[in-house]
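The values are calculated or read from the model by the stated rules, or taken from the named source; none is laboratory data. Please read these numbers as outputs of a predicted model, since none were measured by experiment. Virtual Cβ from ideal backbone geometry, glycine too; neighbours counted across all protein chains shown. Protein only, heavy atoms only, side chains kept; ligands, DNA and RNA dropped before computing areas. Shrake-Rupley method; radii C 1.70, N 1.55, O 1.52, S 1.80 Å.
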Amino acid sequence: MKKIIYLFSLIVLVAACNDDFMNRQPKTEIDVERFFNTEEDLKMYTYRLYNFPGHGTYSADGGTDNQATTSGAVEIKNIMQASNPSSSTVTSGWSWGRLRDINLFLANVEKAQVAPDVKAHYTGIVRFFRARFYMDKVKRYSDVPWYDKVIETNDEESLFKKRDSRDFVIQKIFEDYQYAADNVKTSQPSGAIDKWGVLTYMSRDALYEGTFRKYHTELNLTNTANTYLQMARDAAGKVINSGNFGIYNTGKPQSDYLSIFKSGDLSSNPEIILATFYDAREVRAGTSEWNFGNYEPSPAKDLVQTYLMKDGTFYAAQPGYQTKQFVEEFINRDPRLSQTYAYPGWELFQTATYVSGAGIYIQQFNKNFTGYHLIKGFANTREPDIYNDLDYPVLRYAEVLLNFAEAKAELNEFSQTDADNTINVLRKRVSMPDFNMNPLSDPLSIEKYGNISPLLQEIRRERRVELAFEGFRFDDLMRWNAGKVLEKVPEGLYFPSLGKFDLNGDGVEDVFLIPTSQSIPADADKEVNSKGIKLVYYRTGGIDDSGATVYLKNGTSGNIVTARDMGTFVAPKYYYRPIPIQQMTLNPNLGPQLFGWE
């Protein structure tokens, strides 16, 4: 089954290369007159629409407070640091070829000689993909033209259509979602979308829209926020009440969470609603050591400080938490921290291009990196047949529980029973204390999110911790109207001074931070620690010190810093994107630009 499902993704890769809708080319690889006749036709067509994420998602938090990145391809970072971003410079995202493929199917599916329930099933799948397509467009542009038919080159009315309102398009999106939820079947091959996958995406997008409307008054849609929060609650509730899924928990709190993200076979895992399956014998999974933290992305201290203490208290309540060094940061913490970040004493088995030094790992430092490393999703093995076989969990039941909890809390319906059935199920996996209905207020959460209730603070914390590095953080910050969080420079390990430091927790120094006025000695002259191992030297200075490999906030002390500044988040403008100027030229009816874009 794994082989079959992954080969479906190859169809997607081929199909993704043909994106010619905006060039107004009516071509298709399908002979419409001879296709759309059998169930096999419908099935193969829907498989070419599959575009579910894979292992690259572990770097998708880059540019947020979860993950620093040196990549020049992070759009929001480029926008915030640009002197005058505009529709001439922000030009990605306005692609519509996929919608043509979707609408082509819907225009021809009635020809199929199949049973009504089969036809409705495949129609539901394709309408599900249309809902996802348009949700991505709404997130970027808010108001977009709605097309539910194939546009031909002589259809000037459609080609020169104005934008439809966000409210109208969102209604259409959830009509598609509802049809899919009502008609897509429950029993499907592993890796294929089914009713429960549809409902999970529906709950995710309804939660996004409901909270976005609630916290973004510039839309003038606040009065309709609860409609979508209720949809999120109900869709998640249907998945929960199905009884088909559960949190993966074998009674091993120090490893059960991480094991989900390093599994070569997720097909029988009760937590998995949808996965991308791989088979090393056919096509490599694409897992890469560059997610580890030495290439472009690297995990941030801000997230480290979000994990609770093992007794359930705030980390920020610890005296001197801001100046705790690496080894101390990991003592008595939520076990998910050490199943996400490489911890003191962690053993590395793989040596590769961006990861070296197999054995007990010593943090490696470099310019613009935090010094933290990501083991969630990292294939810590030398065996290619193992790391090329790792499956990717696209939809986890954990997300459903968190969607349900947040929607209920936003609707002022959340109870202790809800907490026990959602957040506390997640906490039990890692032997953390139960969440209760009277949490204290966390100053760090208020700093991020403003004056929200302690209940919402804790639900947001749980979401951030449980779903870290799974690609949720940016959208969460956007919908909560927390874009200003992105202005804070991601930071790394703390050092009180230059000198020698223990990083693996054995009490013996491993690294030596020296000033840039000194040169790193020749290998034969390097100091040896009490274990007979040569210290690793780093020239250290401020962010503007060209001779430094490690940048400390105060030059000779402080947190590692990854950038001089992150730029300015202009609200509400940067919660949206402009339509590229080329498209505005082709169709002036798309104007004017919204929210201050030019």
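Points to keep in mind about this one:
- Subset of segment 386-422 (residues that are assigned to a helix (DSSP H, G or I), of a type in the set (S, T, N, Q) and open to solvent by 30 Å² or more (accessible area, probe 1.4 Å)): GLN416, THR417, ASN421
- Selected residue [more than 30 Å from PHE474 (Cβ to Cβ) and either surrounded by fewer than 17 Cβ atoms within 10 Å (Cβ to Cβ) or not hydroxyl-bearing (Ser, Thr, Tyr) (or both)] from GLU598, GLU527: GLU527
- Index of the failed condition, MET432 passing every other in (1) out of contact with any Lys or Arg (no Cβ under 9 Å at 6 or more places or on another chain); (2) among the hydrophobic types (A, V, I, L, M, F, W, C); (3) farther than 13 Å from ASP65 by Cβ: (1)
- VAL425 passes every criterion in (1) surrounded by fewer than 19 Cβ atoms within 10 Å (Cβ to Cβ); (2) within 26 Å of the chain's Cα centre (by Cα); (3) of a type outside the set (Ser, Thr, Tyr); (4) in a strand (DSSP E or B) apart from (4).
- Number of residues in segment 511-561 that are outside any strand (DSSP E or B) and among the basic types (Lys, Arg): the value is 3.
- Residue match in segment 249-257 (condition: small (Gly, Ala, Ser), surrounded by fewer than 22 Cβ atoms within 10 Å (Cβ to Cβ) and at pLDDT 90 or above): yes
- Residue in segment 365-377 that is of a type in the set (Lys, Arg) and under 27 Å from LYS428 (Cβ atoms) present: yes
- If you go through segment 452-470 and keep only what is open to solvent by 30 Å² or more (accessible area, probe 1.4 Å) and in contact with a Pro (Cβ under 8 Å, 6 or more places away or on another chain), you end up with PRO454, LEU455.
- Leading residue by the ranking (nearest to the chain's Cα centre (by Cα)) among those in segment 315-342 that are assigned to a loop (DSSP other than H, G, I, E, B) and surrounded by fewer than 20 Cβ atoms within 10 Å (Cβ to Cβ): PHE330
- First in segment 194-217 and assigned to a helix (DSSP H, G or I), second anywhere and open to solvent by 10 Å² or more (accessible area, probe 1.4 Å) and charged (D, E, K, R), Cβ under 6 Å, 6 or more apart: LEU199/LYS238
- THR224 being touching a strand residue (DSSP E or B) at 6+ places or on another chain (Cβ under 7 Å), in contact (Cβ under 8 Å) with a residue 40 or more places away in the chain and in a helix (DSSP H, G or I): no
- Of the residues in segment 437-450, not one is in contact with a helix residue (DSSP H, G or I) (Cβ under 7 Å, 6 or more places away or on another chain), among the β-branched types (Val, Ile, Thr) and part of a helix (DSSP H, G or I).
- Taking residues in segment 65-92 that are farther than 18 Å from GLU296 by Cβ, and partners anywhere that are surrounded by 15 or more Cβ atoms within 10 Å (Cβ to Cβ) and among the β-branched types (Val, Ile, Thr), the pairs with Cβ atoms closer than 6 Å and at least 6 places apart or on different chains are PRO85/ILE79; SER87/ILE581; SER88/ILE581.
- Checked against (1) touching an Asp or Glu at 6+ places or on another chain (Cβ under 9 Å); (2) open to solvent by less than 30 Å² (accessible area, probe 1.4 Å), TYR201 meets all criteria but (1).
- Residue in segment 477-496 that is loosely packed, with under 15 Cβ neighbours inside 10 Å, over 34 Å from the mean Cα position of the chain (by Cα) and not charged (D, E, K, R) present: no
- When residues of segment 451-477 are limited to those that are hydrophobic (A, V, I, L, M, F, W, C), out of contact with any helix residue (DSSP H, G or I) (no Cβ under 6 Å at 6 or more places or on another chain) and part of a helix (DSSP H, G or I), the one nearest to ASP302 (Cα to Cα): VAL465
- If only residues of segment 85-117 that are among the acidic types (Asp, Glu) and open to solvent by 60 Å² or more (accessible area, probe 1.4 Å) are counted, the one that is farthest from TYR134 (Cα to Cα) is ASP117.
- When segment 563-592 is filtered for residues that are open to solvent by less than 30 Å² (accessible area, probe 1.4 Å) and either among the hydrophobic types (A, V, I, L, M, F, W, C) or modelled with pLDDT under 95 (or both), the ones remaining, listed by number, are ALA563, MET566, PHE569, ILE579, LEU590.
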